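Asker: This is the structure, below, for whatever I ask next.
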Amino acid sequence: DNDVANFPNPPGLGVGVRADQETMDVQVGDIAGRWLPLPYPAESVTGTEGAWYWERTGLSARSPDAGVRGQQYTVEFLDVKPTLEDVSAAVPHAEANISTLVLPARMPEVIAQTAQQIAGQYTTTYKRAMALQDYFTSGDFTYSEDAPVDGGFDGTGVDIVAEFLDKKTGYCVHFASAMAIMARTLGIPSRVAVGFQPGESQTAAGITSYTVTSHDLHAWPELYFDGV
């Protein structure tokens, strides 16, 4: 039974990692779609109209016939707060879903070579992940929504990632895809998440609310830390 009233435990979360239980009230405006906007990891959703079901891999929720427009619901979720010690102990060869380690076929050699050069000397997931993150945020790369199109390397396929590493300019999907694939070549399970940034916050009477719009659409890489 995968009804959203009761989600399964998030994959890989160990019992010793701090995770505070939180509550969020969500009101969806004028957007279309059948995927429910949720924080991660959700524990339960109440108040939705129509039938909604969770899917195990990403703990997201989808409806076969209802839409998100106008939905109002409450989400119980975990605010996971690992310590530096927690993440530093994780090693790359974790017991993650096998799909998060699969590499594209006929992948350009430059991707794995670059990953090995940047982070191959480190032995923990944390140090390898931070090395990759520093590589993309050091200032050598620029964020641009126009350059990939103008440069002729916008689109799909792993060859685009190799072009991005060469041109060093692109937008969120390029950064996220490159880091996720490079992480996998180093033995770190990874995936690309597509959703929303937190938006703008406002606090009144002790209650913090967030307004999230289509301007907050984003893609980012998620790397798996064993037990965290």
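The values are calculated or read from the model by the stated rules, or taken from the named source; none is laboratory data. None of these values were measured; they are calculated from a predicted model. Methodologically, a virtual Cβ is constructed for each residue, glycine included, from the backbone with ideal geometry; neighbour enumeration extends over all protein chains shown. Note: accessible area is taken over every heavy atom of the protein model, side chains too, but ligands, DNA and RNA are not part of it. Shrake-Rupley method; radii C 1.70, N 1.55, O 1.52, S 1.80 Å.
Asker: Residue by residue through the stretch 170-181, what is 3J(HN,Hα) from phi via Karplus (6.51 cos²θ - 1.76 cosθ + 1.60, θ = phi - 60°)? Round to whole Hz and write x for glycine and proline.
Answerer: x, 10, 4, 5, 5, 4, 5, 5, 4, 5, 5, 5
Asker: When the helices in the chain are scored as -39500 (n - 2.57) per DSSP H run of 4 or longer and the sum is shared across all residues, what 222 nm value do you end up with, to the nearest 500 deg cm²/dmol?
Answerer: Taken over the chain, the calculation gives -7500 deg cm²/dmol.
Asker: Determine the equivalent ellipsoid of the chain by diagonalising the alpha-carbon gyration tensor, then write out the semi-axes as square roots of 5 times the eigenvalues, largest first, rounded to whole Å.
Answerer: One finds semi-axes of 32, 23, 17 Å for the chain.
Asker: Something else: Not counting ligands, DNA or RNA, and with a 1.4 Å probe, what is T203's accessible surface area in Å² rounded to the nearest 10?
Answerer: 100
Asker: Please give the Cα centre distance for the stretch 1-21 versus the stretch 99-125, rounded to the nearest Å.
Answerer: 30
Asker: Need one value: the accessible area of I118 in square angstrom, 1.4 angstrom probe, rounded to the nearest 10.
Answerer: 40
Asker: Counting only heavy atoms of the protein chains, get the accessible area per residue of the stretch 42-129 (1.4 Å probe) and round it to a whole Å² value.
Answerer: For the stretch 42-129, the per-residue accessible area is 57 Å².
Asker: Now for a different question. Where in the chain lies the longest segment free of GluC sites (Glu not before Pro) that are both loop residues by DSSP (not H, G, I, E, B) and have at most 14 other Cβ atoms within 10 Å?
Answerer: After excluding every exposed loop site, the longest remaining stretch is 146-228.
Asker: When the Karplus curve 6.51 cos²θ - 1.76 cosθ + 1.60 is applied with θ = phi - 60°, which whole-Hz ³J(HN,Hα) does each residue of the stretch 210-224 get, with x for Gly and Pro?
Answerer: Along the stretch 210-224, the couplings run 10, 9, 10, 10, 5, 5, 9, 4, 7, 10, 8, x, 10, 9, 8 Hz.
Asker: Hull surface divided by four, with the convex hull built on the Cα atoms of the stretch 35-84: how many nm²?
Answerer: For the Cα atoms of the stretch 35-84, the hull's average projected area reads 4.0 nm².
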